[in-house]
Structures are given as structure tokens and as C-alpha cells.
Amino acid sequence: MNLNKIFVLGNVTREPEVRSMPSGGQVTSFSMATNRFYTSQAGEKKQEAEFHNIVCFGKLADIASRYLNKGSLVLIEGRIKTRNWQDSTGVKHWKTEIIAETMQLGPRNSGAPSGNSNFPLRSEASGKFNKPEPENPNAGQDEIPVIQEDHSPISDGPVTFEDGAVDEIDIKDIPF
């Protein structure tokens, strides 16, 4: 059995670019950066950035083009694809991309220049993660939507609502 699955959580580094395929479908591509914090053998705190090329198709491409901006925080689940081509001078080029299958948008204000975010931030002095206090007390209570392409939610049992009510579907109630 083989598995090609990747999860990346980071910030968009350039505005999404929208194109159309000959079939009429939409393709959106953008790049994002993920940061790694570590301590070197000499005891120095270091930060390392890795850049990723992301490609979205169909409905996911439309959503990415509408809601993502440079600086936006986003979680991408997808697969790795490497493609190659030869240019007009005969030089072979290689490009590794992440084909997005699921996207989860970060907080709405994640791209704001103020740096306000509901995600923990690493303090340079202590190296510990601190959660910033939001300016708006209700800001951290927004639900972050999960956007999936060609996936349908599957429930393993009854659905429980906030008020404690339980909703079950009886197989006899299905009209087909």
C-alpha cells in the first residue's frame, strides 16, 4: 500500500493566481511558507522557512481565489505532485507542487498587518508560545470553515445538537 498525503499550515506568500483550463475549469495557484523553530547544537534559537507551491482545482480554486490573500493563514491537506517540462532551449525543468484536496481557512484577520491572530505566537525572548489577547472579545469565537472538494460528510451515529437533542435517521424514512 502507498500513501501520498501532506498537511501544511502556513501563510500565503503571494496573491493567488487564477487561470482557466481548456475544459473551462478553474485553477488557482499560490505559494505559502511554513516556519520551523529549533535550537542549534550551539544553543542558538533559529528559524527556518520552507516555501510550497499550492494548486487548487474546481470549487476549491474558486474559494481560494476569493478568500485567500497574501499573509492569510491557511491549512492545506493534499498530495505531492512533481511535474517536468522542457523549455524552448531544451533545458529540462522540474516543479514540485501540492495539489490541494482540503483547505481550512485561518482567522479572518490573519492577513492583517497588525499581526493579531487567534493562533499561538512564539515569543522571541522566552521561546514559549503565547496566545495574544484579541481586541474584540468575541473575535476568537468565529468558527473556521473546513472546505473539502468532492468529500461528503459521513456520520457514524446520531447527530447531537447544542441543546442536547438527538436526530437519528431511520432507514424506513428514506424514500428510495
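Readers should treat all values here as calculations from the given coordinates under stated rules, not as data from a laboratory. Because the structure is predicted, anything quoted here is derived from the model rather than measured. A quick note on method: Cβ atoms are made from the backbone with ideal geometry, for glycine too, and the neighbour counts reach across all protein chains shown.
Couple of notes before you dig in:
- The condition (being of a type outside the set (A, V, I, L, M, F, W, C) and surrounded by 13 or more Cβ atoms within 10 Å (Cβ to Cβ)) is satisfied by just one residue among Arg19, Arg79: Arg79.
- Qualifying residues in the range 51-66 (those that are among the hydrophobic types (A, V, I, L, M, F, W, C) and in a strand (DSSP E or B)) - the one surrounded by the fewest Cβ atoms within 10 Å (Cβ to Cβ): Phe51
- Total residues in the range 1-28, condition among the hydroxyl-bearing types (Ser, Thr, Tyr) and under 17 Å from the mean Cα position of the chain (by Cα): 2
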